[in-house]
Amino acid sequence: MRRIATIALLSLSPAAACAEGTMPQMDFANPLTSYQVVWMAVILVALYLLLARWGLPEMGKVLANRASVIAQDLAAARAAKITADQAVAALNATMSQARGAAGAEVAQAVAKAKAEAMAQAAALAASLDQKLAESEGRIAAARSAAMAAIKPVAAEAAASILQKLTGNAPEADILGQRVDAALAAGKAA
């Protein structure tokens, strides 16, 4: 009973225990402190057993599950990256092919346009050459007709002039030869 009174006294008056110079928590002579240490050990063992048997395995399962999910996500991300890289490579190859095909089509269209332009230019040149030949033929015919028409007029004018100047009519043969010579000299000039 005395013990209980001492325990009660010590528990009610910590200032009295501190007055002795020791802290009540470190006073192992006090039976209350030894009980507290025993109960603390019992609680720690119970917590250890509870955590070791139930809590830590559950946490291990959660961590293992999390690690497997992360590993699966990383594998899926790697696979998606490989697929994306392949898609980019295919896209680049397709773009390169399309550029090459477009360049070939442009070159073909340019060559076709040049060929058509050359054909049109050749046809136009042939047409112009034909028209030029026709025009030169008409000019030559007109010149011949004009020369043919000039000869009698020139011969008549020369005969009239000579008759007025000399008073005699010139001979037709000589006059025709001289008019032909003058017309030939004018044609050559």
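The values are calculated or read from the model by the stated rules, or taken from the named source; none is laboratory data. Because the structure is a prediction, the values reported are computed rather than measured. Counting neighbours? That spans all protein chains shown, and the Cβs are built from the backbone with ideal geometry, glycine included. Note: accessible area is taken over every heavy atom of the protein model, side chains too, but ligands, DNA and RNA are not part of it. Shrake-Rupley method; radii C 1.70, N 1.55, O 1.52, S 1.80 Å.
The table below gives the values:
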{"read-out": "Enumeration of residues in segment 148-164 that are closer than 16 Å to G186 by Cβ and of a type in the set (K, R)", "value": "K151"}
{"read-out": "Some residue of segment 17-32 being at pLDDT 70 or above, among the small types (G, A, S) and out of contact with any Gly (no Cβ under 8 Å at 6 or more places or on another chain)", "value": "yes"}
{"read-out": "Residue check, A146 open to solvent by less than 100 Å² (accessible area, probe 1.4 Å), without any contact (Cβ under 8 Å) to a residue 60 or more places away in the chain, touching a Gly at 6+ places or on another chain (Cβ under 8 Å) and within 18 Å of A181 (Cα to Cα)", "value": "no"}
{"read-out": "Residues (touching a residue at least 24 places away in the same chain (Cβ under 8 Å) and open to solvent by 60 Å² or more (accessible area, probe 1.4 Å)) located in segment 149-166", "value": "I150, K151"}
